[in-house]
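Okay, structure first, notes after.
The values are calculated or read from the model by the stated rules, or taken from the named source; none is laboratory data. This structure is a prediction, so every number in the text was calculated from the model and none was measured. Glycine also receives a Cβ, built like all others from the backbone with ideal geometry; neighbour counts cover every protein chain displayed. Just so you know, the surface numbers come from the protein's heavy atoms only, side chains and all, with ligands and any DNA or RNA stripped out. Shrake-Rupley method; radii C 1.70, N 1.55, O 1.52, S 1.80 Å.
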Amino acid sequence: MTSRAAMDVRPVTESEFPDWNRAMNIGFLREPTMAEEIVDARRAQFTPGRSVGAFDAGRCVATFRSFAQELTVVGGAAVPADAVTNVTVSPTHRRRGLLTRMMTEDLAAAKERGDVVATLIAAEYPIYGRYGFGPATWTTEWTVDVPRTGLDPRWAGPEDGGRVDLVDAEDVRRLGPELHERLRRVRPGVVSRDELWWRTTTGAVRFHATFHEPFYVVYRSAAGEVEGMAAYTTDDKWGDGKQPLNTARVKWLTGVTPAAERALWHYLCSVDWVVRVRSGYRAPDDLLPLLLPDPRAAAVATHADFLWVRVLDVVRALEARTYEGAGSLVLEVADAGGLAGGRYRLEVSADGTGTCAPTTENADIALDVSDLGALYLGDESAVRLAALGRVREERAGAARTADALLRTSGRPWCPDVF
């Protein structure tokens, strides 16, 4: 067995990219070998220095990639983020510290670049807390039993003067980015999408051997403004009595107004032959169930943690977001990674803006940087974390003070896997 020290952890070169992809596929339990055209397409994701591999005797046995991202925080500001993805370790090389080496180097580089946070979608829950990440958003998926919804099966379109139209992939690439930017300005947890995202989601660039073209629909308001868009696929399933049993599966749905969300969900529940709608990953407080005359027609199929956040710069992170009311809080942040630890005073004015600075004052609460990440976007409760022993009150009632400042009326949501 090769020793830890003998294994080479470093950025991969372009010539090593096929071997790196093979190792990534092995780690994700996918067919190891990619077609050459798929590897070539994936080169669009390659950024020198940010695709990292661990090599044993010249063979790639672990993978790690990060890329530049923006994360919307409470209040609508966007902070620079180090988005972590493609993390694998081959089953032959587990428990040798390879992930720790790759993660440690990447987070240090992100801190040096000036990124405020790091982000990731965790395939497994127990892994990333030890690197300072905490689950900052959660996701819910519903299965809608269409016949039970109580909606009029003769539905012919929105009643607000708007309209729903089927469009093609070119329309999505043209109209989608501006719509997503509108969503990003108002929803904490939403992350930026670059041009490559739109090209891959519409099949113009294909990272997999098969691509099943979805249906695309757009909602326009009575004034003609694009306020919503969705992509969905359907299966082809029929019962023994020649009855349709088809399911529509939503790949993504963006609505920047309640009217747009209502129109798109009602449309999806009106497609002939569709008896079930799988919503895809939505915010836990999504309007979907209550947009139906019978909300019980929407049954929860999945509820789980989603976007994880690792704070790299406490001062900039806390000053970037807004708060629910005036007040002050002194936080003692522990960070085993040595990137963001310290004692900080947060002072929030009546208009919800905050200032933050290191302090020597006595702490009100003490917590790990991973729990600060869980609290950062306003979803988690300091009172709950205190009950679990993860937040320690140094001043009686400080956890309630933290909740009054940090928590938000609407839950954050990240619509994207990356």
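Listed values, structure above:
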| read-out | value |
| --- | --- |
| Filter result for the condition that a residue is without any contact (Cβ under 8 Å) to a residue 40 or more places away in the chain and out of contact with any Cys (no Cβ under 6 Å at 6 or more places or on another chain), over Thr143, Thr92, Thr119, Thr88 | Thr92 |
| Pair list, Cβ < 6 Å and 6+ apart or interchain, from the stretch 197-208 residues that are assigned to a helix (DSSP H, G or I) to residues that are open to solvent by less than 20 Å² (accessible area, probe 1.4 Å) | Trp198/Gly176 |
| In the stretch 136-174, the residues that are buried (at least 17 other Cβ atoms within 10 Å of the Cβ) and in a helix (DSSP H, G or I) | Val146, Ala169, Val172 |
| Within the stretch 230-342, strands (runs of 3 or more DSSP E) holding 2 or more residues that are more than 24 Å from the chain's Cα centre (by Cα) | 246-255, 274-278, 327-334 |
| Number of the exception - Val226 against (1) over 27 Å from Leu377 (Cα atoms); (2) touching a Cys at 6+ places or on another chain (Cβ under 6 Å) | (2) |
| Of all residues making up the stretch 257-291, the number that are buried (at least 18 other Cβ atoms within 10 Å of the Cβ) and of a type in the set (S, T, N, Q) | 2 |
| Selected residue (only one of Ala78, Ala6, Ala44 is closer than 30 Å to Gly352 by Cα and open to solvent by 40 Å² or more (accessible area, probe 1.4 Å)) | Ala78 |
| Some residue of the stretch 170-184 being in contact with a Leu (Cβ under 9 Å, 6 or more places away or on another chain) and of a type in the set (Val, Ile, Thr) | no |
| Selected residue (criterion: nearest to Ile121 (Cα to Cα)) from residues of the stretch 371-394 that are part of a helix (DSSP H, G or I) and open to solvent by 20 Å² or more (accessible area, probe 1.4 Å) | Arg384 |
| Residue among Val52, Val12, Val61 that is in contact with a helix residue (DSSP H, G or I) (Cβ under 7 Å, 6 or more places away or on another chain), surrounded by 14 or more Cβ atoms within 10 Å (Cβ to Cβ), under 27 Å from Thr210 (Cβ atoms) and β-branched (Val, Ile, Thr) | Val12 |
| Residue under evaluation Leu183, criteria (1) open to solvent by less than 20 Å² (accessible area, probe 1.4 Å); (2) closer than 30 Å to Leu29 by Cα, criterion not met | (2) |
